[in-house]
Amino acid sequence: MTDGEQAGWSDPATRQRLSARYEQLDQLASDLTAQRRGVLFNGFLADMLTVYGVDALANQETELGELDVVFRLHGTRYVLEAKWYSSKIDYGPLSVLASRVRQRAEGTFGIFVSMSGYTEPALDSLRRDGQRPRVLLFEREHVEAMVYGKISPQRLIEAARDVASFRGSLLVGVDDLVSAAAAPADHAAQVVETGHDSARVAPGQPPSDGSPPSSSIPAASIPAARSGGGVETPPADVDGAARSTIGRRSLLLAGLVGATAAVAVPVGHAVNGRGPGGAAEGSPGPTGSASPAPVATATADGSAPTDSDQPFRLSVLGPMPGSICAVAFSPTDDLLATGGWEWHNNAMLWTVGDVASPRRVWSNDGQTLAVFALAFSPDGKLLAAGNSPKDRASTLDLWTIGNPRRPQGGELSGHAAEVHAVAFSSDGATLVSADDSGLVLIWELPARQAGRLPGSGVSTRALAFHPKGPLLAVGADDGTVTMWDVTDRARPVARSTRDAHFGKVEAIAFSARGHRMATTGTDGSAALWDTSDPEEPKKIVGLRHDGAEVHTAAFTNDDRRLVTGDGRGIVRVWDLESASPGTVADWTAHTGAVRSVHVGRAGVLATGGEDDTAILWRLP
C-alpha cells in the first residue's frame, strides 16, 4: 500500500469528510440539474482518488471531447466516465467510452461509473464487442465501498482488472473484488471459479446460484453519528444495506429531533471539528475528526440554541438558479446581497433581520450573465457588483439602495472584461474595481469619475481597502499582492509587493483594526499577514487547506477569528489568539466549492457555494 493510499485508508477524519460530502450529494442529487449533478459528481470522484494518493483531474477539455475524470495508476492511464441518472445506462454511453479509449494511446483503460446500474442489453452488447473494449464497469456499491473505506480505489481497480482478466467480465460485484484484493496474488482465479456474477444481482438480494446475499457496505464501516447532536443512530441489529441507507439520511436530521420548530431548510449537512481540522504551516497534529453539525432550531421561547461550541445552520437561501459567487451583508445587517451564475436573477437582495426567515425583495432580472463580486458602501446606501455582460458592454454596476425593493442606478462604463473584484474605501468616497484583463479602476464618488491604477496586465481577482486609510491591497493571478497608496486617485503609488501565493490570489481581507491581513490562493492555502505597518506587510503564518483551492476569507468583527472556504465545500474557522493558529470549527458547508464568505456585525456567517445555495450560520 502506498503512502498516499495508507493515509486515505487509515485516517478516520478523512474518510468521514468523504462520506459527509457524498451523503450531501446523494441527498441533493434529485434536486440538481443533470449538468450540475455531473460536474459535482466528477469533482467528488477526482477528490476521492486524490485523498487515496491518486492524482486525478475532473472535467477536462481535450481535442477529442470533454473527459469526466482522468488519472494514472501503476503506469496505466485511465479515462473515467461518470453518470448519476435515475434510469439504468444503455449501450450507447458505454460504446462512446469504449471508442474514446481506443482513440487514445496503447495502455489507456476506461472506467464507467453508473449510480443507477446498467441494462441487460447494454451488458450483453459490451460483452459481444469484437474489439474487447478496455473498460471496467462500476456501480453505486463500488463507489460507496470506496467512500466508506471498505476498499481503496487502487485495490478496487486492480482487483477488477485481475478478475476481469480471468473471467472476461467487465462488471464484478464489490464482495468478489474485496475477496480478490485481500487474497494472495494467484487467488483471483479461485474467486472467479467460486464467486457469483453480482453484476446481475441487486444488493441485499440472494444471487441465482444460491449463495448468501451480501450488503454493499458493512455496518462497521458506516461513520458513527454523534449522539449529542440529536442524530438518530441506526441500531446494532440493522443489516449493512439498511444501516447504510439509514446512516446517510439520519445525518441530515441532526438537530431536528426534539426541536420545537425547525427554521432552516434541511439541504445538506455540516460537520464540525473540535481540535485541528486544519493546521498552520509548521504546526503539529493531523486533521481532527469531524462530526455532524446540527441544523439550527428554535427553543420553546423562540430563542436560538445556546451551544456555542459548534456552528448552527440558521437558514438556507435556495436552491438558486446557479452557483453563488458572492455574498455581502449590509453594514446594518438587515440586508444580504447574493450574486452568481445564471441568465436571470443573478443578483438578489434579501431581508435578513430575521435570520431564520430570509425574504428575497429584489433581483436584477437577468441584466447580466453572472455576478462575481458584491460590496456595500460603508453607509449601506450603495451596492457595487462586478459581473459578466450579457447584452451590453459594461461589467460593473452601482445601485443606490434607498428602497431595497427598487434599487436605482446601474452601469458604470470603463471595463470590457469580466469584473471579479470590487471594494469601497472606509470613508465611502472611493470605489475600486478590477477585471480579468488586469485593469483596475479607481472611482471617485459620488461623481463616478474613474482613474486607472498602473497595471501589469495580469488578471486581478482580489481587492481590499485598509480600514484606517486610503491603502489598497491588490491580489493578482501571478500570486502577488501589492499595496497601493491611493490618496491621490490620479497618481496612485505602489508601496510594496509581496509574493503571497504560488497560484492565483483569490481573496484579500483586512481585520477590523487593520493590524492583520488575510490572503487566499489556488495553491491550497491561506496566509495571515502582520499589517501593523500596512505599507510593509509581513507574513505571520500559512494556513493549510489540505491542498484544496481556498477561494474566500473573512475576519470576525472582534478580529479573534478568521473564516476561510475552499474548493471542496469546507469552511474553516481559525483561532487567531493562539501562537500557532488552529481551527475551532471545520465543516462541510456546501456540496460544491465555497466561493464567498462574509461575517455580519451580529456574528452571523453567510456562505455562498457552487451547490446553488447561500447559507446563514451562527458561528461557534
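Just to verify a result, which residue in segment 79-97, among those that are in a strand (DSSP E or B) and out of contact with any Asp or Glu (no Cβ under 7 Å at 6 or more places or on another chain), is surrounded by the most Cβ atoms within 10 Å (Cβ to Cβ)?
VAL79
Against the definition (among the basic types (Lys, Arg), in contact (Cβ under 8 Å) with a residue 12 or more places away in the chain, open to solvent by 20 Å² or more (accessible area, probe 1.4 Å) and in a strand (DSSP E or B)), how does ARG104 come out, yes or no?
no
Looking only at segment 47-70, filter to residues that are under 20 Å from LYS150 (Cβ atoms) and touching a strand residue (DSSP E or B) at 6+ places or on another chain (Cβ under 6 Å); which one of those is surrounded by the most Cβ atoms within 10 Å (Cβ to Cβ)?
Of everything passing the filter in segment 47-70, LEU49 is surrounded by the most Cβ atoms within 10 Å (Cβ to Cβ).
Let me spell it out: the conditions are (1) touching a residue at least 60 places away in the same chain (Cβ under 8 Å); (2) part of a strand (DSSP E or B); (3) of a type outside the set (D, E, K, R), and ALA434 meets all of them except one. Which number is the exception?
Answer for ALA434: the failing condition is (1).
Check whether at least one residue in segment 148-159 is farther than 27 Å from GLU23 by Cβ and among the hydroxyl-bearing types (Ser, Thr, Tyr), and report yes or no.
No.
Just to be sure I understand, how many residues within segment 154-169 are modelled with pLDDT of 80 or more and open to solvent by 20 Å² or more (accessible area, probe 1.4 Å)?
4
May I ask you to say which residue of LEU18, LEU25 is of a type in the set (A, V, I, L, M), crowded, with 20+ Cβ neighbours inside 10 Å and at pLDDT 85 or above?
Being of a type in the set (A, V, I, L, M), crowded, with 20+ Cβ neighbours inside 10 Å and at pLDDT 85 or above holds for just one of LEU18, LEU25, which is LEU25.
Taking segment 494-514 as the region of interest, how many residues are open to solvent by 60 Å² or more (accessible area, probe 1.4 Å) and β-branched (Val, Ile, Thr)?
1
Can you go through ARG461, ARG516 and tell me which one is under 25 Å from GLY600 (Cβ atoms), under 30 Å from the mean Cα position of the chain (by Cα) and touching a residue at least 60 places away in the same chain (Cβ under 8 Å)?
ARG516
Okay, residues lined up against (1) farther than 21 Å from LEU97 by Cβ; (2) outside any loop (DSSP other than H, G, I, E, B); (3) not aliphatic (A, V, I, L, M):
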position: THR14; (1), (2), (3): yes, yes, yes
position: LEU18; (1), (2), (3): yes, yes, no
position: ARG21; (1), (2), (3): yes, yes, yes
position: ASP26; (1), (2), (3): yes, yes, yes
position: GLN35; (1), (2), (3): no, yes, yes
position: LEU49; (1), (2), (3): no, yes, no
position: ASN59; (1), (2), (3): no, yes, yes
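Here's a check for you: in segment 580-620, which residue that is among the hydroxyl-bearing types (Ser, Thr, Tyr) and closer than 16 Å to THR338 by Cα is modelled with the lowest pLDDT?
THR613
Within segment 434-450, is there a residue that is more than 23 Å from GLY340 (Cβ to Cβ), surrounded by fewer than 18 Cβ atoms within 10 Å (Cβ to Cβ), of a type in the set (D, E, K, R) and at pLDDT below 90?
yes
Looking only at residues that are in a loop (DSSP other than H, G, I, E, B) and open to solvent by less than 20 Å² (accessible area, probe 1.4 Å) in segment 574-605, which one is nearest to ARG461 (Cα to Cα)?
Among those that are in a loop (DSSP other than H, G, I, E, B) and open to solvent by less than 20 Å² (accessible area, probe 1.4 Å), it is ALA593.
Check ALA526 against each of (1) closer than 19 Å to TRP587 by Cβ; (2) open to solvent by 10 Å² or more (accessible area, probe 1.4 Å) and name the one condition it does not meet.
Checking ALA526 against (1) closer than 19 Å to TRP587 by Cβ; (2) open to solvent by 10 Å² or more (accessible area, probe 1.4 Å), the one that fails is (2).
Considering each residue of segment 375-407, count those that are at pLDDT below 90, polar (S, T, N, Q) and not in a loop (DSSP other than H, G, I, E, B), and give that number.
Summing the residues that are at pLDDT below 90, polar (S, T, N, Q) and not in a loop (DSSP other than H, G, I, E, B) in segment 375-407 gives 2.
The values are calculated or read from the model by the stated rules, or taken from the named source; none is laboratory data. Just so it is clear, the model here is predicted, and its values are computed rather than measured. Positions of Cβ are backbone-derived with ideal geometry, glycine not excepted, and every protein chain shown enters the neighbour counts. Side chains are part of the model used for accessible areas, which takes the heavy atoms of the whole protein and leaves out ligands, DNA and RNA. Shrake-Rupley method; radii C 1.70, N 1.55, O 1.52, S 1.80 Å.
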